[in-house]
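S.K.: Here it is: the structure, laid out below.
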Amino acid sequence: MIHTPRPISEEWLVDYAAGAAPEPVAVLVDAHLSMCPESRALAARLDAVGGAMLERIEPAGLSAGALDRALAALDAPLPAAAPPAPAAAGRIPAALLPYTGTDFGALAWKPVVKGVEEVVLPTRGAPTHRMSLLRIVGGRAIPDHTHYGDELLLVLEGGFEDGRGHYARGDVCAADETVAHAPRADRGTDCICLAVTTGPIRLTGGWARLLNPLLRLRHR
């Protein structure tokens, strides 16, 4: 059965469409768009609405009702066909290629906790954000945790569930300090995710909490 990725939250697309998203967020959204036709259609519509608003701006400001008309356009039905997805090498989204190359296996994976490895990806001009790849061994889980900031996980290979739902290739799991979860990779295959965070995770279960000082250092 072919999985159709769920569209990302509109709030993330708005900054992306306006060119205001920090580099790590823009990379994650771009990669998601290459896998999700519905999100590509919505992003194209946001671009069109933004362009229409700019064209109507006069020195004296927007005409009466212009903003209402532009916002109403967002409620219009999605177009039947989405713009074509950007090219990618194999199953790696094109937006990630400058950071990862064409082979995840060739990257320098480092252990985080048992069954979980990470590769930190370099970014520029986004000191409040961190971008990395996470690889969770099939059937293993990231220990129970909450967050010291925002976390976006884009599934690139495999899938996981975290008690709130199941996430497969192209899906984005969003969490913040109000969310406690323990993503567990599907059995039989490793799960690779692109992670964008604004703070470290905070482990909440048993002895694992002793690792929190190390995780805070790791996030810097």
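The values are calculated or read from the model by the stated rules, or taken from the named source; none is laboratory data. Keep in mind it's a predicted model, so treat the numbers as computed, not measured. Don't worry about glycine lacking a Cβ; one is built from the backbone with ideal geometry, like all the others, and counts go over all protein chains shown.
S.K.: For the stretch 127-153, name all the residues that are closer than 21 Å to Val172 by Cβ and out of contact with any strand residue (DSSP E or B) (no Cβ under 9 Å at 6 or more places or on another chain).
M.R.: Selection gives Thr128 alone.
S.K.: Now a separate question. Against the conditions (1) modelled with pLDDT of 95 or more; (2) of a type outside the set (Ser, Thr, Tyr); (3) crowded, with 21+ Cβ neighbours inside 10 Å, where does Ala175 fall short? Just the number, please.
M.R.: The number of the failed condition is (1).
S.K.: Take the residues of the stretch 124-138 that are touching a residue at least 60 places away in the same chain (Cβ under 8 Å) and more than 15 Å from the chain's Cα centre (by Cα): which is surrounded by the most Cβ atoms within 10 Å (Cβ to Cβ)?
M.R.: Applying the filter and picking the extreme gives Ala126.
S.K.: A further question on this structure: Which of the strands (runs of 3 or more DSSP E) found entirely inside the stretch 141-195 contain at least 3 residues meeting this: touching a residue at least 60 places away in the same chain (Cβ under 8 Å)?
M.R.: 151-157
S.K.: Let me ask something else. Is it true that some residue in the stretch 120-130 is farther than 22 Å from Ile8 by Cβ, out of contact with any Asp or Glu (no Cβ under 6 Å at 6 or more places or on another chain) and modelled with pLDDT of 90 or more?
M.R.: yes
S.K.: If we keep just the residues of the stretch 90-109 that are over 19 Å from the mean Cα position of the chain (by Cα) and surrounded by 11 or more Cβ atoms within 10 Å (Cβ to Cβ), which is nearest to His32 (Cα to Cα)? Give the steps one after another, and end with the answer.
M.R.: Pass one, the stretch 90-109, residues over 19 Å from the mean Cα position of the chain (by Cα): 90, 102-103, 105-109.
From the residues that got through so far, the ones that are surrounded by 11 or more Cβ atoms within 10 Å (Cβ to Cβ) too are 102, 107, 109.
Numbers: Thr102: 17, Leu107: 21, Trp109: 23 Å.
By that ranking, first place goes to Thr102.
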